[in-house]
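These notes concern the structure reproduced below.
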Amino acid sequence: MRLAKPERYLALPPELAVLELTHLDMETMSNQTLRIIDANLNRIGEGLRVLEEIARLLLDDAALSQQLKDIRHEMVKVDLSLEQQFLQARNSEGDVGINLEVSGEEKYKEIPETVVANARRVQEALRVMEELAKNPDIPLESDKFKWARFNLYTIEKELFSKLMRRGKAQSE
């Protein structure tokens, strides 16, 4: 059973709903470009999953959980041949960013900090994809990533507010 989406949740416009990552022209894209797309799609999916689990298992909020799940599934739709291209281009062991550290990044004291960090991570990855999609040699739809980013701004606010209210109620 699908839950109705709240009014403030923007539905994916019909013209974008059918867009899926089904193939990318290997002739026009380097392995580096494929790595950027792969890394950012992974970042989007992972961050949304964290937010979805908090909405589902901590807040017991079916509507928010469903919204996050819908966005996650919409953003990371990839067919098998494209996944194969990503895996072939992936170079985890040679990634120069794997050992980079930022102070304060390693631990969050509270769940709301985890929400903010993961929402920001997803928003940044969506922005990268949105900007990449503006390149005529990259057959992605910029508006799809923009749609998701703006929806996530609203969902982040709602999720954060519910967590803060929950924390306030528990401390009283």
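The values are calculated or read from the model by the stated rules, or taken from the named source; none is laboratory data. This structure is a prediction, so every number in the text was calculated from the model and none was measured. Glycine also receives a Cβ, built like all others from the backbone with ideal geometry; neighbour counts cover every protein chain displayed.
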- Can you run down the residue pairs with Cβ atoms below 6 Å, 6 or more apart or on separate chains, where the first is in the stretch 143-172 and on the phi < 0 side of the Ramachandran plot and without any contact (Cβ under 8 Å) to a residue 60 or more places away in the chain and the partner is surrounded by 13 or more Cβ atoms within 10 Å (Cβ to Cβ) and not aliphatic (A, V, I, L, M)? LYS146/GLU130; ARG149/GLN123; PHE160/PRO112
- If VAL96 satisfies every condition in (1) modelled with pLDDT under 95; (2) of a type outside the set (Lys, Arg); (3) within 14 Å of the chain's Cα centre (by Cα) but one, which is the exception? (3)
- So is LEU68 modelled with pLDDT under 95 and either in contact with a Lys or Arg (Cβ under 7 Å, 6 or more places away or on another chain) or among the hydrophobic types (A, V, I, L, M, F, W, C) (or both) or not? no
